[in-house]
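Single-structure report; data block below.
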Amino acid sequence: MHKMIRIATICAAIVLAGCSGPTLQGGNPAIGDPVEAVTARLGQPTGVYPLPDGGRELEYATGPMGQYTWMARIAPDGRLVSWEQVLTGEKFATLKIDRDTKDDVLRTIGRPAEYSHVAMHDYEVWSYRYKESGVWNSMMHVHFDAKGKLRLMQNGPDPMFEIREHYPD
């Protein structure tokens, strides 16, 4: 009986995670739209990150349980430059160890689903749920040193989606 309840709970989590995303009231935003049109279509962002050129990234995250985050890049003139889903292997690959900082990561892939700490190296770890190659339920763990510099990235299966053969009573 416990096994059936746990499987039903996991299935419900999978269905709900697949349904989460920004509410697109008028469809996807169009390149060149003013920021007011973007927020009218997508709602208020879950995060706003300033860019070095005077523009900003508007984050639309589905976390902590969702596997998608969309970023709307707004130019200094207040118009949409790009719109993309950023929790992908390709986007993670743009982050560079020993170069990027927490701010760079936030501007690139948005806020994490989970925060943790690795005492051995005194690393803060940000974890992101995503679909590896659009298929596998995965987590990317991004490690920062005490100065906020990116030091390590590791990915693996997302334990939220693991189904075990045996459950403890």
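Bear in mind that the values in this text are calculations on the coordinates, not laboratory data. This structure is a prediction, so every number in the text was calculated from the model and none was measured. Here the Cβ positions follow ideal geometry from the backbone for every residue, glycine too, while neighbour counts run over all protein chains shown.
Could we say that THR108 is touching a Ser or Thr at 6+ places or on another chain (Cβ under 7 Å), of a type in the set (Ser, Thr, Tyr) and without any contact (Cβ under 8 Å) to a residue 40 or more places away in the chain here?
Considered against the rule, which asks whether it is touching a Ser or Thr at 6+ places or on another chain (Cβ under 7 Å), of a type in the set (Ser, Thr, Tyr) and without any contact (Cβ under 8 Å) to a residue 40 or more places away in the chain, THR108 comes out as yes.
Restricting to the range 66-87, name every residue that is farther than 13 Å from VAL35 by Cβ and surrounded by 18 or more Cβ atoms within 10 Å (Cβ to Cβ).
GLY66, GLN67, TYR68, THR69, TRP70, MET71, VAL86, LEU87 - these are the residues of the range 66-87 that are farther than 13 Å from VAL35 by Cβ and surrounded by 18 or more Cβ atoms within 10 Å (Cβ to Cβ).
Taking the conditions exactly as written (within 17 Å of PRO64 (Cα to Cα), buried (at least 16 other Cβ atoms within 10 Å of the Cβ), basic (Lys, Arg) and touching a helix residue (DSSP H, G or I) at 6+ places or on another chain (Cβ under 8 Å)), does ARG111 satisfy them or not?
no
Out of contact with any helix residue (DSSP H, G or I) (no Cβ under 6 Å at 6 or more places or on another chain) and touching a residue at least 24 places away in the same chain (Cβ under 8 Å): is that true of TRP136 in this structure?
Considered against the rule, which asks whether it is out of contact with any helix residue (DSSP H, G or I) (no Cβ under 6 Å at 6 or more places or on another chain) and touching a residue at least 24 places away in the same chain (Cβ under 8 Å), TRP136 comes out as no.
When you scan the range 138-148, do you find a residue that is aromatic (Phe, Trp, Tyr), assigned to a strand (DSSP E or B), in contact with a Lys or Arg (Cβ under 7 Å, 6 or more places away or on another chain) and farther than 30 Å from PRO34 by Cβ, even just one? I'd like the intermediate steps shown before the answer.
The first filter runs over the range 138-148 and keeps only residues aromatic (Phe, Trp, Tyr), leaving 144.
Then drop every residue that is not assigned to a strand (DSSP E or B), which leaves 144.
If we keep only those that are in contact with a Lys or Arg (Cβ under 7 Å, 6 or more places away or on another chain) as well, we get 144.
Adding the requirement that they be farther than 30 Å from PRO34 by Cβ leaves 144.
For the range 138-148, residues aromatic (Phe, Trp, Tyr), assigned to a strand (DSSP E or B), in contact with a Lys or Arg (Cβ under 7 Å, 6 or more places away or on another chain) and farther than 30 Å from PRO34 by Cβ: present.
Let me confirm something: among LYS131, LYS96, which residue is surrounded by fewer than 16 Cβ atoms within 10 Å (Cβ to Cβ) and not in a helix (DSSP H, G or I)?
Of LYS131, LYS96, the one residue that is surrounded by fewer than 16 Cβ atoms within 10 Å (Cβ to Cβ) and not in a helix (DSSP H, G or I) is LYS96.
Does GLY78 qualify as being out of contact with any Phe, Trp or Tyr (no Cβ under 9 Å at 6 or more places or on another chain) and within 21 Å of LEU42 (Cα to Cα)?
Values: out of contact with any Phe, Trp or Tyr (no Cβ under 9 Å at 6 or more places or on another chain): yes; within 21 Å of LEU42 (Cα to Cα): yes.
Taking the combined requirement at face value, the residue satisfies it.
Residue by residue, here is whether (1) free of Cβ contacts under 8 Å to residues at least 24 places away in the same chain; (2) outside any loop (DSSP other than H, G, I, E, B) holds:
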site	(1), (2)
TYR49	no, yes
PRO52	yes, no
ASP77	yes, no
VAL81	no, yes
LYS91	yes, yes
ASP104	no, yes
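Given the criterion within 17 Å of the chain's Cα centre (by Cα) and either charged (D, E, K, R) or closer than 20 Å to MET139 by Cβ (or both), identify the matching residue among THR101, THR46.
Among THR101, THR46, only THR46 is within 17 Å of the chain's Cα centre (by Cα) and either charged (D, E, K, R) or closer than 20 Å to MET139 by Cβ (or both).
Would you pick out the residues in the range 54-73 that are in a loop (DSSP other than H, G, I, E, B) and over 14 Å from TYR128 (Cα atoms)?
GLY54, GLY55
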